[in-house]
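Trainee: Okay, here's the structure, questions in a sec.
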Amino acid sequence: ALTLKDVRIMVVGGTTATSPSLVGTNSAEIYDPATGQWSYTGSMTAARSRTIARLLPDGRVFVMSKDGYNSPALYAEVWDPLTGVFTKTGNMANQTGWHGMVVLADGRVMKIGGYGSQYMTTAEIWNPATNLWSITGAMAEARQDISPVLLPDGKVLVAGGSNSMTLNTTEIYDPATGLFSAGSVMPSATKVH
């Protein structure tokens with residue numbers, strides 16, 4: 001769920017009462033606080049049981065699977081509030097699950113780490129101008145279960161997470177160089193489910 005620019009609330013994907021836990025839905029619904037009513041909007045092209053959704057600077061909504069290594073969809077989707085339609089992105093370079101996602105200051109979307117056939121150090125960026133993904137610099141340490149944060153200077157902080165253990169290390173990504181550098185160590189190891 002997320003808040004749209006017009007303060008309505010969008011809920012996208014998930015499972016229904018009649019579907020098994022890992023069988024997702026492709027539906028999206030919007031709650032209007034002015035009327036107290038729910039309404040359907042366009043459907044995603046792929047059913048997704050666990051989703052990550054982020055609001056883009058232009059008001060569109062970017063959606064991808066949280067456990068993408070189990071998903072047949074190698075792409076994310078973008079919902080347009082003007083048309084109510086979801087469109088596919090290009091295919092991601094790596095099929096991962098339990099990765100982190102953050103919208104960069106320039107409106108691009110970054111997917112970081114996760115798990116594929118192994119714990120991943122990779123990061124890739126979706127460019128809204130081309131609708132394509134491209135690989136960027138890799139982290140020094142493989143990690144999943146992360147929630148990257150955009151810093152005021154446009155850099156991205158990746159803190160903790162897990163691989164074979166829960167981590168207390170941090171890394172900082174600089175979009176200007178496309179590289180990660182080591183950050184300070186946290187007092188306690190932590191991961192985000």
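The values are calculated or read from the model by the stated rules, or taken from the named source; none is laboratory data. Remember, predicted model here, so these are calculated numbers, not experimental data. Quick reminder, even Gly has a Cβ in these numbers, built from the backbone with ideal geometry, and neighbours come from all protein chains shown. Heavy atoms of the whole protein, side chains included, go into the accessibility calculation; ligands, DNA and RNA do not. Shrake-Rupley method; radii C 1.70, N 1.55, O 1.52, S 1.80 Å.
Trainee: Could you check region 1-54 and list, in sequence order, the residues that are open to solvent by less than 60 Å² (accessible area, probe 1.4 Å) and on the phi > 0 side of the Ramachandran plot?
Mentor: Those that are open to solvent by less than 60 Å² (accessible area, probe 1.4 Å) and on the phi > 0 side of the Ramachandran plot: 13, 14, 36.
Trainee: Now for a separate question. Just to check your reading of the model, which residue among 47, 73 is under 21 Å from residue 114 (Cβ atoms) and either under 15 Å from the mean Cα position of the chain (by Cα) or of a type outside the set (Gly, Ala, Ser) (or both)? Explain how you work it out, then say what you get.
Mentor: On the way: 47 fails: either under 15 Å from the mean Cα position of the chain (by Cα) or of a type outside the set (Gly, Ala, Ser) (or both).
Answer to the check: 73.
Trainee: Consider region 20-37. How many of its residues are under 24 Å from residue 73 (Cα atoms), modelled with pLDDT of 95 or more and either of a type in the set (Gly, Ala, Ser) or over 20 Å from the mean Cα position of the chain (by Cα) (or both)?
Mentor: Counting residues in region 20-37 that are under 24 Å from residue 73 (Cα atoms), modelled with pLDDT of 95 or more and either of a type in the set (Gly, Ala, Ser) or over 20 Å from the mean Cα position of the chain (by Cα) (or both) gives 1.
Trainee: While we're here: Would you pick out the residues in region 144-168 that are under 27 Å from residue 57 (Cα atoms) and not in a loop (DSSP other than H, G, I, E, B)?
Mentor: Correct list: 144, 149, 150, 156, 157, 158, 159.
Trainee: So, of the residues in region 60-75 that are open to solvent by less than 10 Å² (accessible area, probe 1.4 Å) and at pLDDT 95 or above, which turns out to be nearest to residue 13 (Cα to Cα)?
Mentor: 63
Trainee: Further question: Of all residues in region 112-161, which are in contact with a Lys or Arg (Cβ under 6 Å, 6 or more places away or on another chain), within 16 Å of residue 183 (Cα to Cα) and surrounded by fewer than 22 Cβ atoms within 10 Å (Cβ to Cβ)?
Mentor: 160
Trainee: Also: State the number of residues belonging to region 1-52 that are basic (Lys, Arg), touching a Gly at 6+ places or on another chain (Cβ under 7 Å) and either assigned to a strand (DSSP E or B) or farther than 18 Å from residue 83 by Cβ (or both).
Mentor: 1
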